[in-house]
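Enquirer: The structure that follows is given in the form of structure tokens.
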Amino acid sequence: MADSPPSVCFVVFPPLAKNNQILFGKNSARPRDEVQEILYVPASDHEPGSKVQCTYLEVDQVQRTHAVLLTKPVWMWGGEMGANEHGVCIGNVAVTTKQEASDSKLLLGMDLVRLGLERGKTAKESVDIIVSLLEEHGQDGVKCICDHFSIKTQIDLEHPELRSHAKNQGWWNEDKEFSFSDVFSEDSGRDCSRKKTIENQEAMMSVETMFSVLRDKSSGVCVDSGPFITTASAVSVIPQNGSSPCIHFVTGTPDPSRSVFKPFIFVEDVKPVNKAQSCCLGGEPCGHGHSQRSHELYKRHQCALSLIENDQAQGEKLLSIMQDLEKQGLEAMEDILKGSSPLDPAEIVDLFYDCVDTEIKFYK
């Protein structure tokens, strides 16, 4: 089987991000026939002693889970990337390591994304929760060729036995400075062109810049051919002024260069968007394959891609419409971020629903 291209996940902090914002972006690289859905799960209280069924493993439920937005493969419980109502964003990226993992069906990295978002009010809380779950349950051992660890010598938190374990395995000795990436990574033979593409952007990055990076095919950030492709993309804007809302842009469709980033804002009573969710809901096993468990947005977008590829004139016209839709959404969100008065939830409760509905209408 061909090696899968790595998913790309990155974050930009002030002062390199415009308007004192934190920007989060991710492309999900998955099998080309696998559908990803956009799932909103409201905050909820749970009975003491209750359980939650993850993709393969059942774990203890907590008393309260936060509202989350997930972009996820339709067949699994967890998500490739997502955000919660408190502005925490998490993305899943596989890495190749020297450390052997269990072959048992335990927690997937995608399950940990969802669990971290549902249970953590801050990034630090989510990290602690994920670490605790890993210590208790372990992680699934499917090996995937991907990027190296990004943590090197600057380590804020580490397991008390991390260095002694590395020393016992013969991966490190005290004569050398401890670099987590150098010690635990397995050489994948990949270049760092994706990293260079991100780092070589303009001094001040914006939402539009994030979109452009995720759409870059020359560097391999965006992949549209072969058995593995970019199946979904997401960008989050996290303001630091304390008054503006976090805004999350998701595609729900493959190939961000030919997809529309649609905005989502957490408010009470968000309208469900069934047109961006699988026909098989609830996470229960079903007889459908990955490509069959699709949603209306995905189906219509596949037809649009076919038109773009086979009819140049009509394809260019459709791409122009898609770009205009995205531009209108961006302009509306900029107005919200610049607004000085409190946001009226009633004005945006149908925001994502309306964006998906409008996009589908243009595909028909």
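Enquirer: If amide hydrogens are placed 1.01 Å from N in the peptide plane, which non-local residues have theirs closer than 5 Å to the one on ILE229?
Expert: Distant-sequence amide H within range of ILE229: ARG30, ARG32.
Enquirer: How large is the accessible surface of ARG114 in square angstrom, using a 1.4 angstrom probe and rounding to the nearest 10?
Expert: About 30 Å², rounded to the nearest 10.
Enquirer: Considering only protein heavy atoms, with the full assembly of protein chains and a 1.4 angstrom probe, order CYS89, CYS54 by accessible area, largest first.
Expert: So, going from the largest accessible area down, we get CYS89, CYS54.
Enquirer: Still on this structure: Starting from the Cα of GLU208, step 7 Å along the direction of its Cβ; do the same at SER179; then give the gap between the two resulting points in nm.
Expert: With each label placed 7 Å out from Cα toward Cβ, I get 3.8 nm.
Enquirer: Here's another thing I want to ask about it. Under a crude label model (7 Å from the Cα following the beta-carbon direction), how far is TRP171 from ASP324 in nanometres?
Expert: 5.4
Enquirer: Let me ask something additional. In whole Hz and in residue order, list the ³J(HN,Hα) couplings for the stretch 339-346 that follow from phi through the Karplus curve 6.51 cos²θ - 1.76 cosθ + 1.60, θ = phi - 60°; x for Gly and Pro.
Expert: The phi angles translate into x, 9, 8, x, 6, 8, x, 4 Hz.
Enquirer: Along each principal axis of its Cα atoms, how long is the stretch 221-364 end to end? Whole angstroms, biggest number first, please.
Expert: On the principal axes, the stretch 221-364 reaches 47, 42, 29 Å in Cα extent.
Enquirer: What length, rounded to one decimal in nm, is gained on full extension from GLU158 through to GLU135, with 0.36 nm per residue of separation minus their alpha-carbon distance? Mind showing how you got there, number by number?
Expert: Values: separation 23, 0.36 × 23 = 8.28 nm, distance 1.32 nm.
Here the answer is 7.0 nm.
Enquirer: Straight-line reach from LYS364: which lysines have a Cα under 27 Å away, not including same-chain ones fewer than 8 places off?
Expert: Once the sequence-local lysines are set aside, what remains near LYS364 is LYS72, LYS262, LYS271, LYS275, LYS299, LYS317, LYS327.
Enquirer: Right, another one. Efficiency by 1/(1 + (r/R0)^6): what FRET value for ASP311 and GLU331, r their Cβ-Cβ distance, R0 = 25 Å, to the nearest 0.05?
Expert: It comes out at approximately 0.30.
The values are calculated or read from the model by the stated rules, or taken from the named source; none is laboratory data. Since we're looking at a predicted model, the values are computed, not measured. All Cβ positions, even for glycine, are placed from backbone atoms using ideal geometry, and neighbour counts span all protein chains on display. For accessibility, only protein heavy atoms count, side chains too; no ligands or nucleic acids. Shrake-Rupley method; radii C 1.70, N 1.55, O 1.52, S 1.80 Å.
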